Amino acid sequence: METRVLSGRELAQKVLEEAKRKVEKYVSCGRRSPGLAVILVGDDPASRIYVSKKHETCGKVGIRSFSYEFPENVGFDEIAECIHALNERDDVDGILVQLPLPERLRDRTNELINMIHPAKDVDGFHPYNVGLLAIGDNRGIKPCTPKGVMLLLDHYGIDVEGRDVVMVGASNIVGKPMALMLINRMATVSVCHIKTRCVSHFTKDADIVISATGVPHLIKKDMVKEGAVLIDVGISRVNGRVVGDVDFDGVMGHASAVTPVPGGVGPMTVAMLIENTLECYERREGLLNSN
Ligand code: GUN
């Protein structure tokens, strides 16, 4: 069987071009530029790379980005004060706290996210936005990675309605919101996680497998049926090489479609962050209807 490689690069580029066009239109009418504030705590090298990509992409589309960096030993209250100040700023439309936080602050992640004003929650992690997603109300802000996966599936004409989908990974960032979006689109969804006894028991009959674990090459040919669609959200480094959760070479000729790593879901996540920031700006500026 021929395996389609579902690139996210061109699609993400199209989303960014559209965002740039809109920003230029607003600015040429005399409006201010949209603004995104990114909070980074500690020195995690992967987080630093992701955050610099976010700033770089903002620059490309004309969104102002504001960087707030704190050392690993920062006090909780100092980050909280930063969020409160950003909530009040007229020139800041989106606020995100890069995750994961350093170990010392990790169990207070939700407390910080809850402080972000829901209208500026460009990650869609605030309980208000999570709640809207859970009840199938489209007015909330949706988390970037699952939103990017849905757009990728739609773009390549892969309909999830009535399909059996397995989500491997149950994080608040990807697995749980992804499952909700799929249910809202009438897929039949199973969610596997760290305590799942036999992941292949679920994946072997699935039409679509989405993996977001960070375990290199977890998903192998013998775990999925012929013709399955494999969406790889994982990203790890093995011997200096970036690899995904899916054994890409092994599933070639067996799966009907697979996303590459890098160049698959990754670029979509950043593009969705830009789209969300622009949407928050448009809502705050009264340029959109509320529904
Ligand atoms: N860490 C990994 N993915 C994400 C994301 O989408 N948003 C934030 N804030 N942190 C992340």
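Consider only pairs whose beta carbons are under 9 Å apart and that are at least six residues apart or on different chains; among these, list those whose first residue lies in segment 132-150 and is in contact (Cβ under 8 Å) with a residue 40 or more places away in the chain and among the basic types (Lys, Arg) and whose second residue is in a helix (DSSP H, G or I) and more than 12 Å from the ligand (Cβ to nearest atom).
These pairs meet every condition: Arg139/Leu132; Lys142/Asn129; Lys142/Leu132; Lys142/Leu133; Lys142/Met150; Lys142/Met181; Lys147/Met181; Lys147/Glu275.
Residues being modelled with pLDDT under 95 and over 15 Å from Ala19 (Cβ atoms): count how many of those fall in segment 243-291.
3
Taking the condition of being of a type in the set (S, T, N, Q), away from the ligand (no atom under 16 Å from the Cβ) and part of a helix (DSSP H, G or I), how many residues in segment 20-50 meet it?
The number of residues fulfilling the criteria is 1.
Among the residues of segment 57-88, how many are among the hydrophobic types (A, V, I, L, M, F, W, C) and assigned to a loop (DSSP other than H, G, I, E, B)?
2
When only residues in segment 140-168 that are more than 15 Å from the ligand (Cβ to nearest atom) and in contact with a Lys or Arg (Cβ under 8 Å, 6 or more places away or on another chain) count, which is farthest from Ile274 (Cα to Cα)?
Glu161
Looking only at residues that are closer than 23 Å to Thr3 by Cβ and not in a loop (DSSP other than H, G, I, E, B) in segment 169-189, which one is nearest to the ligand (Cβ to nearest atom)?
Applying the filter and picking the extreme gives Met178.
Here are some residues: Lys221, Lys120. Which one is in contact with a helix residue (DSSP H, G or I) (Cβ under 7 Å, 6 or more places away or on another chain), among the basic types (Lys, Arg), within 15 Å of the ligand (Cβ to nearest atom) and modelled with pLDDT of 95 or more?
Sole residue among the options that is in contact with a helix residue (DSSP H, G or I) (Cβ under 7 Å, 6 or more places away or on another chain), among the basic types (Lys, Arg), within 15 Å of the ligand (Cβ to nearest atom) and modelled with pLDDT of 95 or more: Lys120.
Condition check ((1) in contact with a strand residue (DSSP E or B) (Cβ under 9 Å, 6 or more places away or on another chain); (2) closer than 25 Å to Gly157 by Cβ; (3) within 16 Å of the ligand (Cβ to nearest atom)) across all residues:
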site	(1), (2), (3)
His193	yes, no, no
Arg197	no, no, no
Val209	yes, yes, no
Gly234	yes, yes, yes
Val238	no, no, no
Arg241	no, no, no
Gly244	yes, yes, yes
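Just checking: which of the helices (runs of 4 or more DSSP H) contained wholly in segment 89-168 hold 1 or more residues that are touching a Leu at 6+ places or on another chain (Cβ under 6 Å) and β-branched (Val, Ile, Thr)?
Passing ranges, in order: 109-115.
Could you check segment 36-49 and list, in sequence order, the residues that are out of contact with any Cys (no Cβ under 9 Å at 6 or more places or on another chain) and closer than 26 Å to Arg283 by Cα?
Once the filter is applied, which keeps residues that are out of contact with any Cys (no Cβ under 9 Å at 6 or more places or on another chain) and closer than 26 Å to Arg283 by Cα, segment 36-49 yields only Leu40.
So which pairs qualify, if the first residue must be in segment 31-42 and at positive phi, the second must be part of a loop (DSSP other than H, G, I, E, B), the Cβ gap must be under 7 Å, and the two must be at least 6 apart or on different chains?
Gly42/Glu72; Gly42/Pro102
Please give the strands (runs of 3 or more DSSP E) falling wholly within segment 215-288 in which 3 or more residues are under 16 Å from the mean Cα position of the chain (by Cα) and touching a residue at least 60 places away in the same chain (Cβ under 8 Å).
Qualifying strands (runs of 3 or more DSSP E): none found.
Do you know which residues across segment 129-165 are in contact with a strand residue (DSSP E or B) (Cβ under 9 Å, 6 or more places away or on another chain) and surrounded by fewer than 17 Cβ atoms within 10 Å (Cβ to Cβ)?
Selection gives Tyr156, Gly162.
Checking Asn87 against (1) of a type in the set (S, T, N, Q); (2) within 15 Å of the ligand (Cβ to nearest atom); (3) surrounded by 14 or more Cβ atoms within 10 Å (Cβ to Cβ), which test does it fail?
Against the list (1) of a type in the set (S, T, N, Q); (2) within 15 Å of the ligand (Cβ to nearest atom); (3) surrounded by 14 or more Cβ atoms within 10 Å (Cβ to Cβ), Asn87 comes up short only on (2).
Give me the pairs, please: first residue somewhere in segment 95-110 and closer than 11 Å to Val41 by Cα, second residue anywhere and among the charged types (D, E, K, R) and within 13 Å of the ligand (Cβ to nearest atom), beta-carbon distance under 7 Å, and either six or more positions apart or on two chains.
Pro100/Arg106
Determine which member of the set Leu101, Leu96, Leu112 is over 18 Å from the mean Cα position of the chain (by Cα), within 15 Å of the ligand (Cβ to nearest atom) and crowded, with 18+ Cβ neighbours inside 10 Å.
So the residue among Leu101, Leu96, Leu112 that is over 18 Å from the mean Cα position of the chain (by Cα), within 15 Å of the ligand (Cβ to nearest atom) and crowded, with 18+ Cβ neighbours inside 10 Å is Leu112.
The values are calculated or read from the model by the stated rules, or taken from the named source; none is laboratory data. Here the structure is a predicted model, which is why all the values come from computation and not from measurement. Methodologically, a virtual Cβ is constructed for each residue, glycine included, from the backbone with ideal geometry; neighbour enumeration extends over all protein chains shown.
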